[in-house]
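For reference, the structure discussed in these notes is given below.
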Amino acid sequence: GYLAGRIQPNNSFFLDYWKRFYEGVNRANDVINNYQSVPELSQEQKDCRIAECKVLRAWHYYKLNCLWRGVPVYLENLAPSEYTKSRMSEEDVWQQIVDDCTDAIECAGLPDKYASSSPDWGRITKGAAYTLRGKAYLWLKKYDLAEADFRSVGDCGYDLYEGSYADLFTEKNERCREMIFSVQMVNEANCGNVFSYEYGNYNTTGYGMNMITLNTNFVDSYECLDGKPFSWDDYIPGYTSMTPKERSVYFLRNSLTESEKSVMATYGADMTRYDSAGNEERIRAAFAARDPRLAATAILPYSTYVGGASGVAKTYTFRFPYRSENEPVLDIKTYNTTQMVYLIRKFVTVGREHLNISYNPVDAPIFRYADVLLCLAEAVNAQGRTSEAAVYVNRVRARAGAKALNSNTWTAVTGKDDMLRRIRNEKRWELVGEMQLYFEELRWGTWKDDKFSEGNGLLQCWGDAIHYYEWGGNAYWKWPIPQSEKEKNGNLTQNTGW
């Protein structure tokens, strides 16, 4: 119901995040206000830990401000009954974030970057402080200051990972030079990431639930290898003029049984277009020459995935209609085998690599250098230097294996607005699944058009809606103050529309 226009301020969803972020603030405040009195530590150590916690406090206020646009700011911890401040303005909260990051950057003992072999890897660095301050400047539209900060991240020693995009999100590369700040994960109870559980499928070791899947329209947004916008009609003439149910025929496996054909005909598939010997090959061709990040992010129809839920690593294939996960068939099994939605590959355990799905040890990136380059491109483009912005975008595209901007007709940038559109798309393809894009869509003001466009929702691969998303009104641009928090603190005003 979160995207169906029915959620209310008393929903625990809002309170959970409010409490989570303020808990982070309170923990940081404990160190900032008390660490100087800790004995047997050098002043440099004390200053460094306080600087780290100022960035952590700023990061939690960053999340709060993105979602609520103005929140109470507490710089010291109080008795429970004393948390009665009114909300600061959105601009003042951004400035507090800037101030905390500036204090950290000016701390002489805070390193630019830790070596990957350092036991301190994972702690806050100046690179992380510059990244967060630059992001706050983007919200404030202070593009010259944002540009300077994003350049400073590179000066700290961060750069793109030199291998493939697909290899980046693995345990062996979690400490590569691209990772500026990550949540550290280990294979212990309540200390690992849950990507494999939420993104993975029933064949993922430990049994994933594919609770989160990829939006069909988003998958269709990935360009072709030459930079041409993808169109189904280029591969299957007349595809877009068919109804979604009719064109489901193209996603069917080879050699359907008569019973399977009957079920799909009843569903509405145009079975006159079914190719019993080559149906799978025809649909695979539509995915064969696309931006390589698509295949690295999604388990595409009739591609394979190595799962280990059975106790040994086996190669499964994503087919429809589903028949069996057992040998010799080895179809990928999902939460609902009567539907075909795009499954996620990124971050999901391969084979028997990680045996406990709830304690996956792969770090969860928060800031990485590809994002910084795209932020730098956005800041530079906003100042009118569009050609220069393309240089930074092309660094990200080159690592991904995508065609460079301004290298052919399809990739030719026509101006500042076109460049901004391309940067936004690049961020979506690059950062998908990293829990960062929602905050960018809010900043850009694009979330409504992207998520709630006509006909969008949870769609099967061919576009038939399992359910649609419903825009609940302009109140959706800001989260509501949780009702229980308003009852505790009478100085809190509610966001408009809630």
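Odds and ends about this structure:
- Long-range neighbours under 7 Å by Cβ, at least six apart or interchain, first residue over 21 Å from V432 (Cα atoms) within segment 330-347, second charged (D, E, K, R): L330/K314; D331/R319; D331/R323; D331/E325; K333/E325
- Residue within segment 146-156 that is in a loop (DSSP other than H, G, I, E, B) and touching a residue at least 12 places away in the same chain (Cβ under 8 Å) present: yes
- Candidates R253, R323, R319, R284, filtered to the one that is of a type in the set (D, E, K, R), assigned to a loop (DSSP other than H, G, I, E, B) and closer than 15 Å to Y342 by Cβ: R319
- The residue that is least open to solvent (accessible area, probe 1.4 Å), among those in segment 305-315 that are more than 11 Å from Y202 (Cα to Cα) and either in contact (Cβ under 8 Å) with a residue 40 or more places away in the chain or out of contact with any strand residue (DSSP E or B) (no Cβ under 7 Å at 6 or more places or on another chain) (or both), is Y305.
- From the list D275, D270, D331, the one residue that fits, being of a type outside the set (K, R), on the phi < 0 side of the Ramachandran plot and open to solvent by less than 10 Å² (accessible area, probe 1.4 Å), is D331.
For every residue, the table says whether it meets (1) open to solvent by less than 10 Å² (accessible area, probe 1.4 Å); (2) in contact with a Phe, Trp or Tyr (Cβ under 9 Å, 6 or more places away or on another chain); (3) of a type in the set (D, E).
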| position | (1), (2), (3) |
| --- | --- |
| G154 | no, yes, no |
| L160 | no, yes, no |
| G163 | no, no, no |
| C176 | no, yes, no |
| N187 | no, yes, no |
| N201 | yes, yes, no |
| T204 | yes, yes, no |
| N210 | no, yes, no |
| V219 | yes, yes, no |
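- Complete set of residues in segment 405-439 that are acidic (D, E) and part of a helix (DSSP H, G or I): D417, D418, E426, E430
- Tally of residues being of a type outside the set (F, W, Y), within 27 Å of T493 (Cβ to Cβ), open to solvent by 20 Å² or more (accessible area, probe 1.4 Å) and part of a helix (DSSP H, G or I) across segment 28-78: 1
- Candidates in segment 362-404 are the residues that are of a type outside the set (A, V, I, L, M, F, W, C) and part of a loop (DSSP other than H, G, I, E, B); of these, the one that is surrounded by the most Cβ atoms within 10 Å (Cβ to Cβ) is D363.
The values are calculated or read from the model by the stated rules, or taken from the named source; none is laboratory data. Source: prediction; values computed, not measured. When we count neighbours, we look across all protein chains shown, and the Cβ atoms used for this are built from the backbone with ideal geometry, even at glycine. Protein only, heavy atoms only, side chains kept; ligands, DNA and RNA dropped before computing areas. Shrake-Rupley method; radii C 1.70, N 1.55, O 1.52, S 1.80 Å.
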